[in-house]
Every structure is written in C-alpha cells, then in structure tokens.
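Only one structure is covered here, and it is reproduced in the block below.
The values are calculated or read from the model by the stated rules, or taken from the named source; none is laboratory data. It should be emphasised that the depicted structure is a prediction, and the values quoted were computed from it without experimental measurement. Backbone-built Cβ (ideal geometry, glycine too); neighbour counts: all protein chains shown. Just so you know, the surface numbers come from the protein's heavy atoms only, side chains and all, with ligands and any DNA or RNA stripped out. Shrake-Rupley method; radii C 1.70, N 1.55, O 1.52, S 1.80 Å.
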Amino acid sequence: MDERYIRDKFIRINDGRHQRQSLIEKKQLLEKQQMILDAKEELIYTSLLEEQKDVEELEKMTFSSIVNDLLESKVEKLAKEQEDLYLARLQYEKLKSEKERIANAIFDIDERLQEYVSVEAEYEELLKEIVSITEEPTSEKIQELHQMFTQAYNYEKEKMAMREVVSEGEWLITEVNVARENLEKAKAFWEKTSEGNVLSAIKEYKYIDEAQNTINKIQWGLRKFHNALNRIKLYNDEEVKHFLSMPDEWIRKAFQEKSFGQVIESFTSSLNLLVVEILDINKVLRQEISQEDEKIEGIQRRIEIILRES
C-alpha cells in the first residue's frame with residue numbers, strides 16, 4: 001500500500017473537514033449575536049428618535065416665547081440636548097456598523113461553505129478505499145485505523161482553532177495601536193481647547209471621528225477574538241469577555257465635560273491591559289500548538305506503520 005498517497009489524501013480531506021466545521025461554528029455564533037444586536041437596535045433607535053425630538057422641540061422655540069432671563073438656560077439646554085443626540089447617533093451608528101460586519105461575515109461563510117459540500121463524503125470514501133486495499137482487513141485493524149484518524153482529526157481541529165485565536169489577537173493588537181495613536185492626538189487637542197462645549201469641539205476635530213472609527217474596528221476585532229476563544233476548550237475567555245463593552249463605555253464617557261482627558265487616559269489604560277492579555281493568551285496557545293503538532297505527527301507515523309503492515 002502507498003502510505004504516502006494515503007497520508008497526503010488524508011491530510012487534504014481532513015483539512016477540508018476542519019475548514020467546514022470551523023465555518024459552521026463561526027456562523028452559529030454570529031447568528032446568535034446577530035439576534036442579540038437586532039433586539040438592542042430597537043432600543044437604541046427608540047432612544048435616538050427621542051433625542052431627535054427633544055432637539056427639534058427646543059429649536060422650534062422662538063425668542064419671543066422665552067423670557068430673557070431664561071434665554072441662557074435655554075441655550076445651554078439646547079447644547080446639552082445636541083450632545084445627547086450626537087451620543088445617541090454614535091451608539092446607533094456603531095451598532096449598525098457591527099451588524100453590517102456580522103451580516104457580511106455570515107454571507108462570506110455561506111459562500112465558502114459551498115467549497116466543502118462533498119468533503120464528508122470524500123472522507124467516507126477514503127475509509128472505504130483503505131479497507132479495500134488492505135490485505136486481510138481485520139475488524140481490530142480497521143477499528144484502530146478509524147480511531148487513529150479520529151484522534152488526528154480532533155488534534156488538528158484544536159490546533160487550527162488555536163491558530164485562529166493567535167491570528168485574530170495579532171490583528172486586534174494592530175488596531176489597538178492605531179486607536180491609541182488617535183486617542184493621544186484627540187487628548188492633545190482637547191488639552192489645548194479652552195473654549196466651546198464638548199459638542200463643538202468634537203465636531204471640529206477630526207481625530208475624534210478617526211478614533212471612533214478605529215474603536216468600531218476594535219469592537220469587531222474583539223468579537224472575532226472572543227468567538228475564536230469560545231471555540232477552543234483549552235481556554236476560558238471570561239478574562240477578555242468584559243472588553244466587549246469597552247467601545248460603549250468610551251461613547252458614554254466621552255461627553256462628560258471637564259473629564260475628556262481622563263476618559264481617554266482610562267480607555268487607553270484598558271486598551272493597554274487588553275494587549276497584555278492577548279499577548280499572554282497567544283504565548284500559551286503557541287506552546288499548545290507546538291504540542292498538538294507533535295501529537296499529530298505521532299499519530300500519522302502510527303497510521304503509516306499500520307498501513308505498511310497491511
């Protein structure tokens with residue numbers, strides 16, 4: 001029996017099986033999260049409409065309808081309502097962006113799954129082929145081969161899942177570094193601003209929008225990293241799960257007057273902790289990946305021995 005031919009075919013087919021299973025698990029997680037965001041969107045959109053209504057009502061008020069000594073408070077109230085509206089819009093846009101990313105990811109997964117429609121049938125055919133060309137295929141030998149194939153599949157599956165975590169973590173660290181740069185620029189500008197309310201400053205300074213766009217990317221990266229961790233049994237992702245709420249926290253606190261610098265410092269500190277946790281997780285996983293490689297190689301050698309003896 002050509003052991004090399006069987007090994008190469010087994011690796012190729014198993015790789016397809018891993019890819020298919022990985023895509024299915026990713027889709028299932030994303031669909032659950034999509035449902036959660038759908039429910040959340042309704043609440044945020046209602047809040048946005050209410051803030052819009054408040055601003056419109058204040059803007060309709062005429063000078064003649066306001067006593068002069070209340071004019072200043074009316075202007076201050078309008079500015080506050082405009083800030084609240086801007087905040088609601090940011091939250092809504094962030095959620096819409098995340099929902100769009102999830103929808104696109106699910107669409108891409110469905111497209112890729114078409115490549116692996118027949119992979120399980122190919123695997124069953126491979127098992128039959130091995131049995132058919134094995135001399136005196138005893139039930140014990142067939143059972144042992146099947147057990148070896150199953151073990152190799154499971155080890156490879158764990159290894160691929162861990163590699164995905166490492167890859168998602170590396171991408172996320174890159175985005176975090178970009179976000180930190182934009183946040184530092186925003187903080188530097190804020191410290192130079194001596195006049196104007198929070199709303200006017202945010203509208204005038206491009207780095208706030210750039211920071212927010214990058215933070216939206218971080219939110220998506222956090223979700224992918226969280227989902228990748230969720231797929232491996234080795235690691236409990238509770239340590240990073242709380243970071244999923246960081247972008248919302250940033251939006252809520254960014255409008256607190258006279259505390260913007262502290263908000264940026266606090267958020268940047270959280271991002272620094274996130275990077276440390278990702279690096280620690282990836283270090284552990286790289287060691288585990290190396291161990292999985294050794295296990296897989298050992299099983300493949302055992303399979304070749306069994307086939308050579310057949």
For segment 159-172, which residues satisfy the criterion of being surrounded by fewer than 19 Cβ atoms within 10 Å (Cβ to Cβ) and among the acidic types (D, E)? E170
Starting from residues that are under 13 Å from the mean Cα position of the chain (by Cα) and of a type in the set (D, E, K, R), keep the ones in segment 212-249 and report whichever is modelled with the lowest pLDDT. D237
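Does any residue of segment 31-50 turn out to be out of contact with any strand residue (DSSP E or B) (no Cβ under 8 Å at 6 or more places or on another chain) and at pLDDT below 65?
Scanning segment 31-50 turns up no residue that is out of contact with any strand residue (DSSP E or B) (no Cβ under 8 Å at 6 or more places or on another chain) and at pLDDT below 65.
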Could you give every pair whose Cβ atoms fall below 7 Å, whose first residue belongs to segment 31-52 and is assigned to a helix (DSSP H, G or I), and whose second residue is among the small types (G, A, S) and open to solvent by less than 60 Å² (accessible area, probe 1.4 Å), counting only separations of at least 6 or pairs across chains? S47/A88; L48/A88; E51/A88
When you look at R89, is it of a type in the set (D, E, K, R), open to solvent by 40 Å² or more (accessible area, probe 1.4 Å) and touching a Lys or Arg at 6+ places or on another chain (Cβ under 9 Å), yes or no? no
For E181, indicate whether it is exposed (fewer than 15 other Cβ atoms within 10 Å of the Cβ) and at pLDDT 75 or above. yes
Here are E115, E175, E136, E156: which of them is open to solvent by 60 Å² or more (accessible area, probe 1.4 Å), out of contact with any strand residue (DSSP E or B) (no Cβ under 8 Å at 6 or more places or on another chain) and at pLDDT 80 or above? E115
The residue from Y45, Y5 that alone is under 30 Å from E129 (Cα atoms) and aromatic (F, W, Y) is Y5
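Among residues belonging to segment 28-39 that are open to solvent by 50 Å² or more (accessible area, probe 1.4 Å) and either among the β-branched types (V, I, T) or touching a helix residue (DSSP H, G or I) at 6+ places or on another chain (Cβ under 8 Å) (or both), point out the one that is farthest from A228 (Cα to Cα).
D38
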I'd like the residue in segment 11-27 that is of a type in the set (V, I, T) and open to solvent by 20 Å² or more (accessible area, probe 1.4 Å) and, out of all such residues, is nearest to E122 (Cα to Cα). I11
